[in-house]
Every structure is written in structure tokens, then in C-alpha cells.
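What follows draws every value from the coordinates through simple rules; no lab data is involved. No experiment lies behind these values; they were computed from the predicted model shown. A quick note on method: Cβ atoms are made from the backbone with ideal geometry, for glycine too, and the neighbour counts reach across all protein chains shown.
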Amino acid sequence: MEYFKDKTAVITGGAQGIGRCIADEFQKAGAQVCIIDKQEGPHFVGDIADKQTLERFAQEVIGKHGHVDYLINNALPLMKGIDECSYEEFQYAMSVGVTAPFYLSKLFSPHFARGAAIVNISSSRDRMSQPQTDSYTAAKGGIAALTHALAVSLAGRVRVNSISPGWIDTAYTAYEGPDATQQPVGRVGNPLDIAHMVLFLCSDKAGFITGENICIDGGMTRQMIYHGDYGWNLEK
């Protein structure tokens, strides 16, 4: 069914992985999809850390479609830890992960159609961390906070929500053993788990949802694990 027929969806980082899956699902549902990505391909090629690139991309989208219905801020920021991440690399991660979503929202603000929605892709790392992931975690925490700020600033015009994926295997690998069972649902996630929620949040069925962050991680962040429990041991 073409639920999103004649709608325009903009997706950053849409050339591969979760972004590509989101784009495919929008296209199947009838939407016109505009992608920006650093990877070469039949889409707008550019680095969203660059202000002028964002402005050219926005001009192209509006020139071609005249409006935007859905903005999906999905592009991945750089992941480096405090031991190796330079000042410039941390700034770059913030530019991709927080500044670009903000600026695209601002550029498209006069052109959002009635019933428009923004969905920001954060991460379960916005609430938990591994060592040496500081730039990525900070960017994902930033976009989660930006979500509720934009939801209030754009109230009555655009609904704004975010999704925090957990372990998502973009190759659709079927895991067994501890990799699967450490998650309460018993499996590792895949891009469709995220894409389905994106389309739901953009639909009229989610018309009373804004400013929310939805964690899609198979329950992994809800499961308490202690050394010695259920055969689990921490080794250093």
C-alpha cells in the first residue's frame, strides 16, 4: 500500500545500513526519497559536517519537491575515545551528529508540510557506554536532547521524535548463543526493526507522539547483569 504517496522524505546517511533500509521502506510506501551521503551513488553526495553542503542539499530538495514531509537524521558520527580522539575529530562528530540535524531542521522549517515529522536516530549509547566511544556517545546524547527541544520549538507544526537503536546487524546475521540470549527478546536486531518504527512515527497513527525517545534494543538496556549471575563473569 502506498501510505506515503506524494510525500517527500529526506534521509541523511541513506546510502547503506539502517538509512538505506529506511529509504527502501519509504519508497515501497510511495514516498519520494531524497538522500544525502558521503558514499558515491545516485543521490546527493556530500559531507553533512559542511554548512554549505547542507545549504546546497536543502536548496535542491526544495527546488525539486517544493516541500518536505519527513526528515530522518540518520548519518553516523565518528566513534573515537578520549585516548585517541583529537579536538578536531570530536568537533567533527558533533557536526555530523548534532549540528547537521539542527541546521537541516532549520533550513527546512519554512517548507515543512502539514503533518510533517522529524525522526532523529540516536543510540542506546545515549544512556550507556563502552570504553573509548566518547565522540559517538556524546553526539548521540546530544541528538536525543535536541529531539525534545525541537519538539517544543516546532510545536503545532512538526512532530519530533528520536529512536535509540541497540545492537542492529545491518547484514541481517542470525546470531545464536550468548550474543542472542543476552537480549531479552532472544535475538540481535536488524535494520527493519528501526525502519518500521520510523515509518510509524511519521504516520498519522503516531499523531499524538512528539518529543519522545524510543529505545529499540531487544530489552538489552533493561536487563540487570551482575558478576556471577547466571554464569556471567567479568574478566579483566
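Using a Förster distance of 41 angstrom, determine the FRET efficiency expected from the C-beta separation of residue 16 and residue 114, and round it to 0.05.
Result of the calculation: an efficiency of 0.80.
Between the helical axis of 17-28 and the dominant principal axis of the chain, each derived from Cα atoms, what acute angle in degrees is found, rounded to the nearest 10?
40
Among the lysines, which fall within straight-line cross-link reach of residue 5, defined as a Cα-Cα distance under 24 Å, with same-chain neighbours fewer than 8 residues apart omitted?
Leaving aside lysines fewer than 8 places away in the same chain, those within reach of residue 5 are 28, 64, 205.
Please report, to two decimal places, log10 I(q)/I(0) for the range 59-186 at q = 0.12, 0.14, 0.17 Å⁻¹ as given by the Debye formula with identical point scatterers on the Cα atoms and no solvent.
Treating every Cα as an identical point scatterer, log10 I(q)/I(0) equals -0.56, -0.72, -0.93.
What is the extension gain from residue 205 to residue 179, computed as 0.36 nm multiplied by their sequence separation minus the C-alpha to C-alpha distance, in nm to one decimal?
Fully extending the segment from residue 205 to residue 179 adds 6.0 nm.
What ³J(HN,Hα) values, in whole Hz, does the Karplus curve 6.51 cos²θ - 1.76 cosθ + 1.60 give for the range 198-215 when θ = phi - 60°, with x put for Gly and Pro?
Running phi through 6.51 cos²θ - 1.76 cosθ + 1.60 with θ = phi - 60° gives 4, 5, 4, 5, 7, 8, 5, 5, 9, x, 10, 10, 7, x, 9, 10, 10, 8 Hz.
Placing unit charges on C-beta atoms (Lys and Arg positive, Asp and Glu negative, everything else neutral), compute the dipole magnitude of the chain about its Cα centre in debye, rounded to 20.
Details: 20 positive and 26 negative charges, 166 e Å.
Roughly 800 debye for the chain.
Given R₀ = 22 Å, FRET efficiency for residue 5-residue 64 by Cβ-Cβ distance, to 0.05?
The calculated FRET efficiency here is 0.80.
Can you tell me the order of 176-182, 197-203 when each peptide is scored by its average per-residue count of other Cβ atoms within 10 angstrom, highest first?
Packing proxy ranking, top to bottom: 197-203, 176-182.
Per residue of the chain, what 222 nm ellipticity follows from adding -39500 (n - 2.57) for every DSSP H run with n ≥ 4, rounded to the nearest 500?
Per the formula, -10500 deg cm²/dmol.
Which whole-Hz couplings ³J(HN,Hα) result when phi for each residue of the range 58-65 is put into the Karplus expression 6.51 cos²θ - 1.76 cosθ + 1.60, θ = phi - 60°, listed in order with x for Gly and Pro?
After applying 6.51 cos²θ - 1.76 cosθ + 1.60, I find 4, 4, 5, 4, 5, x, 8, 10 Hz.
Where is the GNM fluctuation largest for the chain (alpha-carbon springs, 10 angstrom cutoff): 73, 120, 190?
In this elastic network of the chain, the residue with the biggest mean-square fluctuation among 73, 120, 190 is 190.
Rounded if a/c is under 1.5, else prolate if a/b is larger than b/c, else oblate: which is the chain, with a ≥ b ≥ c the root eigenvalues of its Cα gyration tensor?
Prolate shape, in that a/c is at least 1.5 and a/b is the bigger ratio.
Only Lys, Arg, Asp and Glu count, each charged at its Cβ (+1, +1, -1, -1), so figure out the dipole size of the range 141-236 about its Cα centre, rounded to 20 debye. Can you show the working numbers first?
On the way: 6 positive and 9 negative charges, 87 e Å.
That gives a dipole near 420 debye.
For the range 1-54 and the range 149-200, compute the distance between their C-alpha centroids and round to whole Å.
Taking the Cα centre of each part, the range 1-54 and the range 149-200 sit 18 Å apart.
Over 20 Å apart: what share of the alpha carbon pairs of the range 4-92 falls there, rounded to a whole percent?
On the way: 1515 of 3916 pairs.
Within the range 4-92, distances greater than 20 Å cover 39 percent of Cα pairs.
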